[in-house]
Amino acid sequence: MATDLGELLVPYMPTIRVPRTGDRVFKSECAFSYDSPESEGGLYVCMNSFLGFGREHVERHYRKTGQSVYMHLKRHVKEKATGAAGGAIPRRRNGKIFLDLELNRDFNGDGYEYEDEAKLVIFPDHFEIPLPNIEELPALVTIACDAVLNAPSPYKKQESDSWEEEIQVSRHARSLRQQENGVRIPPSGWKCAKCEMRENLWLNLTDGSVLCGKWFFDGSGGNGHALEHYKETNFPLAVKLDTITPDGADVYSFDEEEAVLDPHISEHLLHFGIDMLQMQRTENGHHTDNHVQPRVSDWEVIQEAGLKLKPVYGSGYTGIKNLGNSCYLSTTMQVLFSIPEFQRAYVGNLQRIFDYSPLDPTQDFNTQMAKLGRGLLSGQYSKPPMKSELIEQVMKEEYKQQQRGISPKMFKALASNGHPEFSSNRQQDAHEFLLHLINLVERNSSGSENPSDVFRFLVEERVQCCQTQNVRYSQRVDYFMQLPVPLEAASNREELIAYESKRKEAEENMRPPPEPVRARIPFTACLQAFTEPENVPDFWSSALQAKSAGVKTSRFASFPEYMVVQIKKFTFGLDWVPKKLDVSVDVPDFLDLNRLRATGLQAGEEELPDLTPPIVIPEDTRDSTTNNSLESPEIDESSVMQLAEMGFPLEACRKAVYYTGNMGAEMAFNWIIAHMEEPDFAEPLAVPTYMEPDLPSPSLPSTSALDNQPPEESISILTSMGFPRHHTIQALKATNNNLERALDWIFTHPDCEDESEAMSDTADTEPNDNSFSNANAHSDSSLSPDQDLSSPRVRDGPGRKCLPNTEFNKQYHFNFPRWLIYNDHKVCLSERPPKDLGYMYFYRRLSSC
């Protein structure tokens, strides 16, 4: 028999591999479905690629690759037999336990046992060889099988490989002496104590000085004042201000010249008023602010605790298992696959996506989206228990919900790959994840329907100079309507004032605080706060050719198919503790936004001149041009020197700072990158006047604009990849000649490839004007600001919406037409949906309701 098996496997020996370091073995989940070894058909693991496939998909992989040898894994779940006394009879677990699978939590570990079965299967004849079979199989096959059976989870391996080096604890952390100088750091508004830098700021943990870091080649950084401070004082440790989270912060040791760990970072920050320890305990639920009584009932309200909720099963009623702080992902994906456009794009095209998937489908975004959509919508993983099971449970008086749901480990690993936050196991914000996912959908929708366009709309921004009353209109793309929460508009203001008085009195008399009172905010007040004008910081008026006060108002230039409304419930206290506003907002079921429709330039309004800032006159010509030149602002010499230290010509640095309106070195650096190929890049500043006849008109393309051709080297790189020349030029112009962004632009604007070759010549010379000044006066409001006329990306329609679903921090309620609660893997009919406590609301266009 041993000889027969050896001869049988000889033709397939070149295709059987032993997993090496770095190989991922998928023995717990199918690449195309959520079948596992516990599924009825088990799981087939390819002995060459180590990908897993359910019974429905293994034939496709065989036909596509010709790989014939698979390991079939099957886990049998059995209820333990009971003895006469009713106790479980101890049984020896099957010796062929081959997986480090997590036990299915739907089955009580004390009442069930698991038996695993493994065998080799040879396609297409489905010849089976039971395992283990050490004596009869060739040594190479035995070693390969043993390595597959004992391989760790690919997700654990990926997590451990993500750490390139281990950061060490600083030798100064334990003995750090902090000065008692009364310094307290506010939660915002920081700037360097020695210059005007407001980014890359570091807090010295000894004396509380806030200073800027060093300048980097990519245009970020500062003037190196933090390092200078260390050289003067020898205070060794500093923490980067914008990295402080409940989980830690970026700490640097100037003495050790490397990033370090500070085990006492919370105490060191608390010394300067940054209550990081309080923040962490609040988020984990172990400790709350001493002045606020924890409102346990909030969670119970959202969970609908105490109510007997009826579970539902079938298509669209499949839950998602919590992977550990993954509710932000679950709620987002449940929302998306309730939208017809996402269902059509992925589940409707499932066979095409699967058939054309790459050899490693676990790394293909569209494949994993189609897999997740089918898992949620097919009903295959949401089946009601059999009648016999229900009767048995009733007899035992232990009814158990058998809703298993799906586990999106493969999807989470792919969608979060390379993202520092989403790839962690920390809790994240659903709003930020939805933005991240929209970006992934955009990148992977080249040449096909982009379902995220249902959220896409145009915002018209009107900026007015307060001194001259001139205005400028522009448009931008957005996906969310973020509503502020005006606490001063609470309808129970008197009750809140009374509560605050009682709380202070209880604090003074050392008594327990009163029951907290939740602020009730009218939705109309949130909407009014959204429409109020806001001040524009550092506004530069082209009418005055100087900085001035400016205000901005926003209106809708188009309305999307689905309007995502986010209630901004989070803020920071003075102690740096992120606080969730305890508010109730009476969100309506129907929303009419037509009164917020943009109108464009109105009669009697005068636009701000489309002029560049006046050029600074060099010293040697200042006297001769005083009479006919406009007085110009001075150039920020500190920014000029920062750029010059990077190796750029001094005159080019001066021009960059000037043309960006003295808005800082970072903006000037971007100007340099965009203009460094121009022939007059390093020439001195010219001296134009307002009386010069050669001054270019704002309405006509200037000569410099016509000459602003992308670098030929960049064009060659992109055309060598197979993209048309006119398409690459358009992409480079739209992204300031940034190659990486240009490549993304090409993939997200595939329709531009259809332009005629006749237009390509003019595209090489004419500027790509993406300005939106007065766009409403002469353009289609349904067009995206970064697309041509032949490719509309915005689906404009009426501003009346209805509310089909709501997303909470953990739970998700859905209207089908009645409300449902998606609580991880459990899906039930909702009895009391707490709509007023929601975080994100998804409104559907009324014509579609």
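The values are calculated or read from the model by the stated rules, or taken from the named source; none is laboratory data. What you are looking at is a predicted structure, and each value in this text was computed from that prediction instead of being measured. FYI the Cβ positions are ideal-geometry reconstructions off the backbone, even for glycines, and counts take in every protein chain you see. Heads up: the accessible areas ignore ligands, DNA and RNA and are worked out on the full protein's heavy atoms, side chains in. Shrake-Rupley method; radii C 1.70, N 1.55, O 1.52, S 1.80 Å.
Tell me, which helices (runs of 4 or more DSSP H) wholly within the range 306-378 include 2 or more residues that are open to solvent by 50 Å² or more (accessible area, probe 1.4 Å)?
Once the helices (runs of 4 or more DSSP H) in the range 306-378 are filtered for at least 2 residues that are open to solvent by 50 Å² or more (accessible area, probe 1.4 Å), what remains is 350-355.
Condition test on GLN464, is it touching a residue at least 40 places away in the same chain (Cβ under 8 Å), crowded, with 21+ Cβ neighbours inside 10 Å and assigned to a strand (DSSP E or B)?
Judged against the criteria, GLN464 is a match.
Which numbered condition trips up ASP35, out of (1) in contact with a Ser or Thr (Cβ under 9 Å, 6 or more places away or on another chain); (2) crowded, with 23+ Cβ neighbours inside 10 Å; (3) among the acidic types (Asp, Glu)?
Only one criterion in (1) in contact with a Ser or Thr (Cβ under 9 Å, 6 or more places away or on another chain); (2) crowded, with 23+ Cβ neighbours inside 10 Å; (3) among the acidic types (Asp, Glu) is unmet by ASP35, namely (1).
Among the residues of the range 410-461, write down those that are of a type in the set (Lys, Arg), over 27 Å from VAL536 (Cα atoms) and surrounded by 19 or more Cβ atoms within 10 Å (Cβ to Cβ).
Of everything in the range 410-461, just one residue is of a type in the set (Lys, Arg), over 27 Å from VAL536 (Cα atoms) and surrounded by 19 or more Cβ atoms within 10 Å (Cβ to Cβ), namely LYS412.
Given (1) at pLDDT 60 or above; (2) open to solvent by 60 Å² or more (accessible area, probe 1.4 Å), identify the lone condition not met by HIS675.
With respect to (1) at pLDDT 60 or above; (2) open to solvent by 60 Å² or more (accessible area, probe 1.4 Å), HIS675 is out only on (2).
State all residues of the range 719-740 that are at pLDDT below 70 and outside any loop (DSSP other than H, G, I, E, B); if no residue qualifies, say none.
Scanning the range 719-740 gives THR719, LEU739, GLU740.
Report yes if SER160 is at pLDDT 55 or above, under 42 Å from the mean Cα position of the chain (by Cα) and at negative phi, otherwise no.
Here the answer is no, as SER160 does not meet what is asked.
So how many residues does the range 364-383 have that are at pLDDT 95 or above and of a type in the set (S, T, N, Q)?
3
May I ask you to list the residues in the range 474-494 that are open to solvent by 10 Å² or more (accessible area, probe 1.4 Å) and part of a strand (DSSP E or B)?
SER474, GLN475, ARG476, VAL477, ASP478, PHE480, GLN482
Could you tell me which residue of the range 641-652 is farthest from PRO684 (Cα to Cα), considering only residues that are within 35 Å of the chain's Cα centre (by Cα) and not in a loop (DSSP other than H, G, I, E, B)?
Filtering first and then ranking leaves GLN642.
I'm trying to understand the selection: among the residues of the range 495-512, which are basic (Lys, Arg) and outside any helix (DSSP H, G or I)?
The one that is basic (Lys, Arg) and outside any helix (DSSP H, G or I): ARG511.
Give all pairs with beta carbons closer than 6 Å in which a residue from the range 547-558 that is under 23 Å from PHE455 (Cα atoms) meets a residue that is open to solvent by 40 Å² or more (accessible area, probe 1.4 Å); count only pairs at least 6 apart in sequence or on separate chains.
THR553/ARG462; THR553/PRO533; PHE556/ARG597; SER558/ASP796
Does any residue of the range 535-544 turn out to be closer than 20 Å to HIS431 by Cβ and assigned to a strand (DSSP E or B)?
No.
Enumerate the pairs (first residue in the range 603-615 and crowded, with 16+ Cβ neighbours inside 10 Å; second residue anywhere and at pLDDT 75 or above) with beta-carbon separation below 6 Å, excluding pairs fewer than 6 apart on the same chain, so at least 6 apart or on different chains.
Sorted first by the residue in the range 603-615, then by its partner, the pairs are LEU608/ASN470; LEU608/ARG472; LEU608/SER542; LEU608/ALA543; PRO614/GLN545.
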